[in-house]
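The values are calculated or read from the model by the stated rules, or taken from the named source; none is laboratory data. This one's a predicted model, so the numbers in the text were calculated from it and none came from an experiment. Positions of Cβ are backbone-derived with ideal geometry, glycine not excepted, and every protein chain shown enters the neighbour counts.
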Amino acid sequence: MKYLMLVCVNRPAGEGEDDLGRPVGAAPDEIDVEAWTEEMDGRGVRLLGEVIRPGSDSTTVRVRDGKVLLTDGPYAETKDVIAGFDVLDCANLDEAVEVASKHPMARNGVLELRPFWEED
């Protein structure tokens, strides 16, 4: 079963961003993330993963009455910010939880697992 794993960080009020727009102090050691990535790629459970730009760089798209409405910035204002994602292919939720629990961001962020709809 495929899962979207959203990697979220909680940015305390007043905490800034680094030169790449990432929340300061939110990222674990890159070596830890690389080790997790190599392990999960080796197991064949990680299909894709990327770090994404901050919500301030996003564009929200809506269509109302046939008109395209664009809004700069994120859809929702929250303390938790989506910092990246991974697409996992796991046997079941238990395996997805095991994989997520080994991700370095599980120690100082929040990982949300969302199952994909499976085709019949």
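Which of the strands (runs of 3 or more DSSP E) contained wholly in region 35-120 include at least 3 residues that are surrounded by fewer than 11 Cβ atoms within 10 Å (Cβ to Cβ)?
59-64, 67-72
Does region 110-117 contain any residue that is hydrophobic (A, V, I, L, M, F, W, C) and touching a Lys or Arg at 6+ places or on another chain (Cβ under 9 Å)?
Among the residues of region 110-117, at least one is hydrophobic (A, V, I, L, M, F, W, C) and touching a Lys or Arg at 6+ places or on another chain (Cβ under 9 Å), which makes the answer yes.
Of everything in region 47-82 that's basic (Lys, Arg) and modelled with pLDDT under 90, which residue is nearest to Glu30 (Cα to Cα)?
Arg53
Do we have any residue at all in region 22-42 that's among the polar types (S, T, N, Q) and modelled with pLDDT of 90 or more?
yes
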